[in-house]
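Working notes, beginning with the structure itself.
The values are calculated or read from the model by the stated rules, or taken from the named source; none is laboratory data. All values derive from a computational prediction rather than experimental measurement. Backbone-built Cβ (ideal geometry, glycine too); neighbour counts: all protein chains shown.
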Amino acid sequence: MKILVTPTSLQPGKNDKMLNLLKEFSKDLVFNPHGRPLTEEELIPLLKDCDGYLAGLDQISEKVLEQCSRLKVISRYGAGVDRVDIEAAKKKNIIVTNTPGMNAEAVGELAFALILSLARKIPYLNTNTKNGQWVRTLGTELKGKTLGILGLGAIGKVVASCGKGFGMKVIAHDQFNDADYCQGSGIEIKKFGEVIEESDIISLHLPLTSETKHIIGIEAFSKMKDGVIVVNTSRGGIIDENAAYKALKIGKLGGLGLDAFEIEPPGKSRLFEFEQVIATPHAGAHTKEAIEKMALLSIKNLVDVLSGRESFYVVKE
């Protein structure tokens, strides 16, 4: 069976241990030649003759799937499926699977690393010190501050635990609030607007849907505290980047940490004009441990479906 493998951290020479497991099932593997998520036009010629697809952050649209008559399964290397046209896949009887929770520690820890870096201006101080300067600037302590978490799933809970460890007050909003977890962890469940208004630091862990696209826009920024720190390690479309630029320009935003962008790679984004913006290349899941866990489960999902076995990680909608 022919299988396309596109995650950038699951290519020859990068994770041969996991790839060897896949090669035990099929020797006919096709890899990502571009070293980044693929566009529709790049994806079609690689995928059109494949039976299976171990997918990274590529744009898997109806246009793409219409060209893939042999495709039986899309095994997402990660939890998010916002770049997969699920309805189009269903129409063609293509099973879509994912790997929920496998990268939670990695992404959650990066989110908190961005929070710490912004609060203490670590990249700014590092750059100036290495350039021979001895600057003095004021940072912000986290103890006693309010950490607002939008999306209290597996990743949000890791960030909440980190915040509690630093003596922060943690408040959260989630469509499916885990009341027992919140009560046991001392986390206050709040409405979306209350989290936006009351938080000193906001960490975003939302899926990208029609309801959440640009949910952090002009209106949301206007309701936030002056000098608020916002961190996004979920999906770029959650934040309206034009609105974020304006909020930075007027000093509303004290810091912005981005591991996800509306367009990836973001190129020369206007947001990079500001010292209080820290950017990473969608690297939240890029730890040795998370890569191994995601690779193992995504390969298992792929092999199970192609072998006619049931997978427990089929995306229903």
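Structure values in brief
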{"quantity": "Any hit, region 177-184, residues being surrounded by 19 or more Cβ atoms within 10 Å (Cβ to Cβ), closer than 23 Å to Arg120 by Cα and either at pLDDT below 95 or in the same structural domain as Glu141 (by TED's automatic domain parsing) (or both)", "calculated": "no"}
{"quantity": "Restricting region 214-224 to residues that are in contact with a Lys or Arg (Cβ under 9 Å, 6 or more places away or on another chain) and surrounded by 16 or more Cβ atoms within 10 Å (Cβ to Cβ), the residue that is nearest to Val277 (Cα to Cα)", "calculated": "Phe221"}
{"quantity": "Entirely in region 68-174, the helices (runs of 4 or more DSSP H) that have 2 or more residues that are without any contact (Cβ under 8 Å) to a residue 60 or more places away in the chain and polar (S, T, N, Q)", "calculated": "122-130"}
{"quantity": "Check on Leu204, more than 23 Å from Pro123 (Cα to Cα) and among the hydrophobic types (A, V, I, L, M, F, W, C)", "calculated": "no"}
{"quantity": "Enumeration of residues in region 290-317 that are acidic (Asp, Glu) and surrounded by 12 or more Cβ atoms within 10 Å (Cβ to Cβ)", "calculated": "Glu292, Asp304"}
{"quantity": "Among the residues listed as Ala285, Ala279, Ala290, the single one being within 19 Å of the chain's Cα centre (by Cα), farther than 23 Å from Glu24 by Cβ and modelled with pLDDT under 95", "calculated": "Ala285"}
